[in-house]
Amino acid sequence: MKRTFIIIVISLMTIIMISAQAHFTISPPKYEIFVKEQDEKTFIIYVENLGDTVTHIKVTPSDWDLDIENNVQFFPPKTFENSCSDWFYINPLEFNLNPGVTEEVRVTMVVPKNVFGEYRSLLFFESTPYAPEANSMLLFSSRVGCTIYVDIIGTVSLNGEIISMKYDFKNDNVLIGYSNTGNMHQRLDIIVKISRSGNEIYSYKLEEQLVLPNRERMFEIPVETRLSDGQYKVNVSIDYGGSEILIGEKLLKIGQ
């Protein structure tokens, strides 16, 4: 029997919500699944109605990507080669959810042959008020997304590099260019430290920064302390989840 590994990562930052009036939640908001080709895996997404009225829920898969400013964009299923939006059998696809009730939505994923690297999708849970009468007024509609990452065991690589470091004197930022040179997504923890004559005078940590495979990002790290004239050393460390911590160093001269 094939072994299948599944990691559930729950973070409020990964919940994609459209409409501030959403009266239901999903859990978990993200799945990272490690499988082999032709594996079959079933997982559950829990939907809870937090409102005081019956809500109708519909589930639809969607492709997604990040634009140049790292904003999420949504696309029809199978828009991208690394889409897994058509691998899912969802039960139920539509249902009515009573107030205070939690529904289990079972998602069975069937992995095809000849797959390599990481695939991704998003399952949208869209709600509208349940209206038993034809003349009932539509009050609101909202969507919440569960992000799905599927990694094919033995074919994914986790690599990255710092491609640039510079100081933005106009805005007092450390600008760090990073490249995800692997074929799976990464969440970076970035630490910047500034020292003078061997003494640390400033540090800043930026956590959980998403970088998709084969993409580059520029990070702006604010320097929230005044740097007087002199020479400084800027050190950057990036934990991308790989076997090493990436280190960068740059000398900085102020007023000289």
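For the reader, a short list of remarks on this structure follows.
- Enumeration of residues in region 97-115 that are within 28 Å of L50 (Cα to Cα) and either in a loop (DSSP other than H, G, I, E, B) or at pLDDT below 95 (or both): L97, N98, P99, G100, V101
- Residue in region 143-151 that is modelled with pLDDT under 95 and farther than 17 Å from F43 by Cβ present: yes
- For region 202-213, the criterion of being over 27 Å from the mean Cα position of the chain (by Cα), of a type outside the set (D, E, K, R) and on the phi > 0 side of the Ramachandran plot is met by no residue.
- Residue selection: L158 fails the criterion of being touching a His at 6+ places or on another chain (Cβ under 6 Å) and among the hydrophobic types (A, V, I, L, M, F, W, C).
- Some residue of region 68-87 being in a strand (DSSP E or B), surrounded by 13 or more Cβ atoms within 10 Å (Cβ to Cβ), more than 24 Å from the chain's Cα centre (by Cα) and modelled with pLDDT under 95: no
- L122 passes every criterion in (1) modelled with pLDDT under 95; (2) touching a Pro at 6+ places or on another chain (Cβ under 9 Å); (3) of a type outside the set (S, T, N, Q); (4) assigned by TED's automatic domain parsing to the domain that holds T60 apart from (1).
- Pairs with Cβ under 7 Å, 6+ apart, first in region 89-118 and of a type in the set (F, W, Y), second surrounded by 13 or more Cβ atoms within 10 Å (Cβ to Cβ): Y89/T108; F95/I57; F95/E103; F116/I152; F116/T155
- Considering I190, I194, the condition of being surrounded by 14 or more Cβ atoms within 10 Å (Cβ to Cβ) and under 17 Å from the mean Cα position of the chain (by Cα) is satisfied by I190 alone.
- Looking only at region 229-256, and only at residues there that are in a strand (DSSP E or B) and within 26 Å of the chain's Cα centre (by Cα), the one that is nearest to I148 (Cα to Cα): D239
The values are calculated or read from the model by the stated rules, or taken from the named source; none is laboratory data. Since this is a predicted model, take the numbers as computed values, not measurements. Cβ: placed from backbone, ideal geometry, glycine included. Neighbour counts: every protein chain shown.
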